[in-house]
Amino acid sequence: GVFRGSVPTASGAPAADGVLQLSDGDTITVEYIDADDGEGGINVSKTDTATADCRAPIISNIEESNLSDTTATIDWMTDEASTSVVRYGAVAPPTDEERRSALVTNHSVPLNGLEECTVYKYEVESADALGNTVTDNNGGQYYTFETYGNFPEIGIVPCHRGQAILDDDAYTCAASVVASVTDLDLNADPGVVETVEVLMTSTSEPDGEWITLTELDADSIRFEGTIALDVSAASADGLLQIAPGDLVSVSYYDEDDGEGNPLTNTDTARIDCVAPAIGDVVVTQLSNTRARIEWTTDEPATSRVDYGTSAALGSVVESAALTTNHSLVISGFDACGRVHFTVTSVDRHGDLRSLDADGVPFSFNMNEIGGLLFYDGFEEGSSWDLDGEWEAGTPGGLGSYAGDPEAGYSGSGVLGTDLTGQGSFAGDYEPNETVSALTPVIDASAANNLELIYKRKLGVRSGDSAGIETLTGGLTTVWRSSGSVNDSGWVESRHDISSAADGSPSLRVVFRIEADGSTQSFGWNLDEVIIKDATAPDYQACGGCGGAPTFAGVSSVQDPNACGPGGLELTWDAASAWGTASGGTYDVHRGSAPDFVPDSSNRIASGLTDTFYTDAGAPVDSEVWYVVRARSNESCTGGEGLADPNTLRLSGVETTVQPPPVSPGASLDVEKVGAAHARLAWDATLNTSHYVVRRSESADFSGAQDLGQTADTVFEDEDALT
């Protein structure tokens, strides 16, 4: 009951010739007249359709990538899914072939086993699912690329295709720039050290300075030269004039790119003379003895905190790692004590910026332990009962395996087994000994819900054990190690001791090491030993109005709608710390003179919890000044909390009407800088706050692209000419 047949197809005018003529996109229809469809239907038409696809894929965006001395990748796109074929070779027509059968629209074919410093010709081919095939050989000229060379002491670089290189991507204002060129063609005489000229340009000196690059040795393809940067006025003096934010470029004019064509190659860097911007300074993880200082920078930079218990500071902690998110711990303080600090960051060019709270160090108060019964941070010796090699002091990193710490968790002192290298196993506990450390006698007769909290760095070998017990007339085991323990850093541990300790008039806690004699480790290191009511917070603000918040003040004032009403908008970073309080709010003061004194009479807002405020009542067309202060949530003299003392003032003007800006018009001038950038310059115009630069590939500016904004009258379209 199945009947099958076929008909050939062809393009051309329709004809009754047994061939079905069609064009790309035609609908092909087959019709069968069913004399009886079995359901009572007579002469019923049955049809099916298909679409004619006579068109090969369209190839676009042919390019090379991942060039090396022995490899290259050929990439292209097609408008429909199709296969990928690359034919390549050093002579035309190319005969080597790489083929991929997968149907894709983004084609990428790697070529391997190539010869270095060789110009290869290639064509690409794609066929769709129906076999419609297209080949692109660049109009019979073939596409070309040159493999790189692997040169001693230089590495893998282009051969005949000249390459200009700057030795960094950014320079400080007082730097010298090292420019280099690699080009095999320049090594015309392998027995002679040769030279080449390149053009160095900057935003400040667009005409640039020609400098001489010298071959590294008599048989090299690399040429190097140096030019010093200078911030004075531009002149042809052998120095390259620059200013902060300038683009600096090297342009090399290559007569032959290895394929018989001239080529200009450039490299660009930026002048960075500006220190990192610091913001978001905050005190976190505040305990009774230590705190973490965090801040951000707008570029990678080092981290440093100067700190102390007075505004004279005197102590330093720092990190040389370059980062934009900074975090350093400072420690060794007393509960509720006032601590002062500043933060500093230096970028990789040596540009340094420090930040404080409006001319004085930031400051904050330490917290206190909630529900405290007993505390020892081992900063002033020890009143514990110690036997064997237990001792209080400064650790020195002794001992086997992970070893003792180099410093205390907070401050410098710890309690541990053999901190100083006693006995036969320096830094480790001794074999076949049981040694203990006992707290002083603690009166817990009125205490409830007791919890033991401590910081430890503990090392115990399998077969030995570390343990903790409470002594209240008898010993009660609190914890005992199982197997080996080898802490790599300080670890916080907590144990509920309420069942044995609550109500005891003579509580002691025992830390113990029991060694069997086979192998040793570094034993106990203890810091910040606390016994407290577990229902109270670990750390809490001390209260008592003993310290004000620390706050950097207002950071911006602007008119968000200069052509209408709406007021002035103020912003600021959150307060870094709240003194002896658990939190607080912000006050806004406004004055009509730059030296106004903030007080209750000019306070226009209070109790703010956000870090922004809109002054809807700002006078129109009059400059006003603002001071923002942080106020703690305590109730101090007068019923209010303490306010920080900053007097940082920023001003703004609320406007509702603005005259239209005047167009730069015909003053716009465009010139090229080296062979890299298009430099735009124009005359300043009235009523203008900034200029918007747009570029289009058509004179009617259809599809225009915004390049950026500037308040200056110069703008460089970076690498527009490359």
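Here are some notes:
- Modelled this way, with points 7 Å down the Cα-to-C-beta line, the labels at Ser319 and Glu255 are 5.5 nm from one another.
- Within the accessible area of the chain, the carbon and sulfur atoms contribute 48%, probe 1.4 Å, all protein chains present.
- Long-range tail of P(r) for the range 514-565 (Cα pairs > 17 Å, %): 75
- Per residue, the range 219-364 exposes 42 Å² of solvent-accessible protein surface, assessed with a 1.4 angstrom probe and all protein chains in place.
- Shape class of the range 435-497 from the Cα gyration tensor (axes a ≥ b ≥ c, square roots of the eigenvalues): prolate, since a/c reaches 1.5 or more and a/b is larger than b/c.
- Positive contributions from Lys and Arg (+1) and negative ones from Asp and Glu (-1), summed over other residues with Cβ under 9 Å from the Cβ of Phe223, come out at -3.
- HN-Hα J in Hz across the range 506-516 - Karplus 6.51, -1.76, 1.60, θ = phi - 60°, x for Gly and Pro: 9, 7, 9, 10, 10, 10, 9, 10, 10, 10, 9
- Couplings for the range 517-527, taken from phi via the Karplus curve 6.51 cos²θ - 1.76 cosθ + 1.60 with θ = phi - 60°, read x, 7, 9, 10, 8, 7, x, 7, 9, 10, 8 Hz in order; Gly and Pro are left as x.
- HN-Hα J in Hz across the range 606-615 - Karplus 6.51, -1.76, 1.60, θ = phi - 60°, x for Gly and Pro: 8, x, 6, 10, 7, 9, 8, 7, 10, 8
- Placing unit charges on the Cβ atoms of the charged side chains and taking the dipole of the range 1-109 about its Cα centre, the candidate lying farthest along the positive direction among Asn66, Thr105, Ser6 is Asn66.
- Remark: the range 612-669 carries 53 Å² of accessible area per residue (probe radius 1.4 Å; ligands, DNA and RNA excluded).
- Environment charge of Arg456, counting only residues whose C-beta is closer than 9 Å and scoring Lys/Arg +1, Asp/Glu -1: -1
- Rounded accessible area of Thr289 (nearest 10 Å², 1.4 Å probe): 10
- Note on Gln21 and Ser484: the model spin-label points, each 7 Å out from Cα along the C-beta direction, lie 8.9 nm apart.
- Radius 11 Å from Cβ of Lys46, net charge of other residues (Lys, Arg +1; Asp, Glu -1): -4
- Computed per residue of the chain from DSSP H runs no shorter than four, each worth -39500 (n - 2.57), the mean residue ellipticity at 222 nm is 0 deg cm²/dmol.
- Identified option (computed volume of the Cα convex hull per residue in Å³; candidates [x] 185; [y] 256; [z] 396): [z]
- Listed peptides 464-472, 353-361, 412-420, 57-65 by packing density, highest first (mean Cβ within 10 Å): 412-420, 464-472, 353-361, 57-65
- Other-chain or far-sequence residues with amide H under 5 Å of Thr105's (modelled H): Ser82
- Largest first, the residues Cys117, Cys54 sort by 1.4 Å accessible area into Cys54, Cys117.
- Euclidean distance between Cα centres, the range 107-122 to the range 470-490, Å: 67
- Cα gyration tensor shape for the range 127-180, rounded if a/c is under 1.5, else prolate or oblate: prolate
- Global geometry of the range 358-425, whether rounded, prolate or oblate, following the gyration tensor of its Cα atoms and the 1.5 cut on a/c: oblate
- Taking all protein chains as shown and a probe of 1.4 angstrom, Lys455 keeps an accessible surface of around 10 Å².
- Lysines whose Cα lies under 23 Å from that of Lys457, excluding same-chain neighbours fewer than 8 positions away: Lys532
- The Cα center of the range 579-635 and the Cα center of the range 129-175 differ in position by 60 Å.
- The amide H of Leu707, built 1.01 Å from its N in the peptide plane, has Val693, Arg694, Arg695 as neighbours under 5 Å, considering only residues 5 or more places off or on other chains.
- Part-to-part distance (alpha-carbon centres) for the range 423-452 and the range 236-295, which is given in Å: 56
The values are calculated or read from the model by the stated rules, or taken from the named source; none is laboratory data. On a predicted model such as this, the values are computed, not experimentally measured, just so you know. When we count neighbours, we look across all protein chains shown, and the Cβ atoms used for this are built from the backbone with ideal geometry, even at glycine. SASA here: full protein model, heavy atoms, side chains in, ligands and nucleic acids out. Shrake-Rupley method; radii C 1.70, N 1.55, O 1.52, S 1.80 Å.
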